[in-house]
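Below is one structure; the comments refer to it alone.
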Amino acid sequence: MNAGNETVFTYAAPALKFGAGASAEVGHDLAAYGARRVLVVTDQGVHATGHPTRIAEQVWQHGIETVVFDRARVEPTDESLEEAIAFARDAESTGRRFDAVLAIGGGSSIDTAKAVNLLLTNPGELLDYVNAPVGKAQAPLQPLLPLVAIPTTTGTGSESTTICVLDVLALKVKTGISHPALRPRLAVVDPTLTLTQPTLVTAASGMDILCHALESYTARWYADFDAKQPEQRVPYCGANPIADMWSEKALSLLAGAFRTAVADGEDTAAREQMAMAATFAGLGFGNAGVHIPHANAYPIAGRVRSYVPAGYPADEPIVPHGMAVSLTAPAAFRFTFDAAPERHLRAARILDPDADGDGPELLPAVVTALMRDIGIPNGLAEVGYGVADVEDLVAGATQQQRLLATSPKPPTDEDLAQVFRASMEHW
């Protein structure tokens, strides 16, 4: 192995098609990949908007057969992914094989499509590919099908990334699958599809964009890692000059559009800026990585008891991913401040040019003010957690070593406990 620190960073991204009406062209795009039979993955809420039906009909006009799976679960679980995989395998057993996969929906639908694509083309079971220590972290042996992702929410960035997130129900842990092969071949971002987002969905998804940009911008610098051999390189390589560019632009777009998009969901200019911010943030964090707020979000979402937010399915408790990420973000950025003060301060001033101060409270204050303005719950207590839960939450967060490794300041268990305790209430 080379001695010393890393001197190389990597960057990769899907092909991108962006703009109003872009989703109407996906039949042409799939035909260019030689597709003749396509699996469409969506969820029932998105299906009810009519977008998947309209897109499937436009795909059919290019002579491409579509088979629709519309039971992707909001916040996927191992059980929901296995249901989708079984559906796809059964559809192949009773007809021709699929040539491509088309995901239409939020991050949950896109992540479900990634898992289906992986298990349609590669042997084994889901847990064979799930990140260690929960799964075996095996790499795919066979090429995956072309995956085209059409996001209908602005936030997750899943259309740009190599990651599929899921809850393993028996273990009550949120984890994921991460490999470059999972990255979609093409991201089709059509801002008009996001006009149907409920208010709190816009707020929670937007906080996911914000934390993607902030975490990748404040992540450990790529050259501070130990040098790696080529086969050791992973998608999350740390903050780097290219990812910085995307993150800064995403933050500037959020500064101008986020509050407006939440207050007036029919403001098409704000919706377009939010979609662009989500895309830019995805292009940044998909390579630089995220850190403590995302690691903490996994147990927050995975251990939810009774919280049911407005605008989400009412049949089961859920802390939406973007909301879960945001709940410990202010305290996390207070903890990481001294590892990169200039980055934390610059990020705060991009979000709020009038922000006053030069210490560790500036970025947490800017983020907290935004959370309050857009209706995010006031800390962990409001979604059902208390100080007695901190030990369990820390245990869940420490399982996310792939994310914690990117933190600019490695946290101990006690550091994480302090972040959780400080996040019970924000104002």
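Derivation of every value follows stated rules applied to the coordinates shown; laboratory data play no part. What you are looking at is a predicted structure, and each value in this text was computed from that prediction instead of being measured. Cβ coordinates were reconstructed from backbone atoms using ideal geometry, including for glycine residues, and neighbour counts include every protein chain displayed.
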*GNM top mover of Gly238, Gly105, Gly21 - the chain, alpha-carbon springs below 10 Å*: Gly21
_Please compute the modelled spin-label separation between Asp358 and Thr77, points set 7 Å along Cα→Cβ, answer in nm with one decimal._
5.2 nm
*In debye, nearest 20: dipole of region 21-189 around its Cα centre with unit charges on the Cβ of K, R (+) and D, E (-)?*
280 debye
_aspartates and glutamates whose Cα lies under 16 Å from that of Lys136, excluding same-chain neighbours fewer than 8 positions away_ = Asp78, Glu125, Asp128, Asp167
_Between (i) 170; (ii) 128; (iii) 140, which entry matches volume of the Cα convex hull per residue in Å³ as derived from the coordinates of this structure?_
(ii)
_Once you keep just the Cα pairs under 8 angstrom separated by 6 or more residues, what percentage relative contact order results for region 197-422?_
27 percent
*By a straight-distance test (C-alpha under 12 Å), which aspartates and glutamates pair with Lys228 as possible cross-link partners, with residues fewer than eight away in the same chain excluded?*
Glu6
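List the trypsin sites (Lys or Arg not before Pro) within region 296-385 that DSSP assigns to loop and that have no more than 16 neighbouring Cβ atoms inside 10 Å. Don't skip to the end; give the middle numbers.
Values: sites: Arg303, Arg305, Arg334, Arg343, Arg346, Arg349, Arg372; in loops: Arg303, Arg305.
Answer in residue order: Arg305.
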*Within region 373-412: backbone nitrogen closer than 20 Å to the Ala263 label point (7 Å, Cα to C-beta)*: 373-377
*Where in the chain are the helices, taken as whole DSSP H runs, whose Cα atoms extend 20 angstrom or more along the long axis and whose Kyte-Doolittle mean reaches at least 0.0?*
107-121, 199-217, 241-263, 268-288
*With just the Cα atoms of region 21-189, tell me how far they stretch along each of the three principal axes, in Å, largest first.*
45, 31, 26
*Looking only at region 153-184, which residues have a backbone nitrogen under 19 Å from a spot 7 Å from the Cα of Asp413 in the C-beta direction?*
172-174
*Any chance you could run the full-extension gain for Ala381 through Thr196? It's 0.36 nm times the residue separation minus the Cα-Cα distance, nm to one decimal.*
63.7 nm
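Expressed as a rounded percentage, what relative contact order does the chain have, with Cα pairs under 8 Å and six or more residues apart?
Relative contact order for the chain comes out at 16 percent.
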*Just add up the charged neighbours of Ser326: K/R +1, D/E -1, any other residue whose Cβ is under 13 Å from the Cβ of Ser326.*
-3
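How high is the relative contact order of region 21-189, given as a whole-number percent (alpha carbon pairs under 8 Å, six or more residues apart)? Intermediate values should be presented prior to the final figure.
Details: 345 pairs, mean separation 39.2, N = 169.
After rounding, I find 23 percent.
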*Hey, can you grab everything whose amide H is under 5 Å from the amide H of Val40? Only 5+ residues off in sequence or another chain; H modelled, so Pro and N-termini drop out.*
Val67, Val68, Phe69, Leu102
*Along the chain, longest interval not containing exposed GluC sites (Glu not before Pro), exposed being DSSP loop plus at most 16 other Cβ atoms within 10 Å*: 126-265
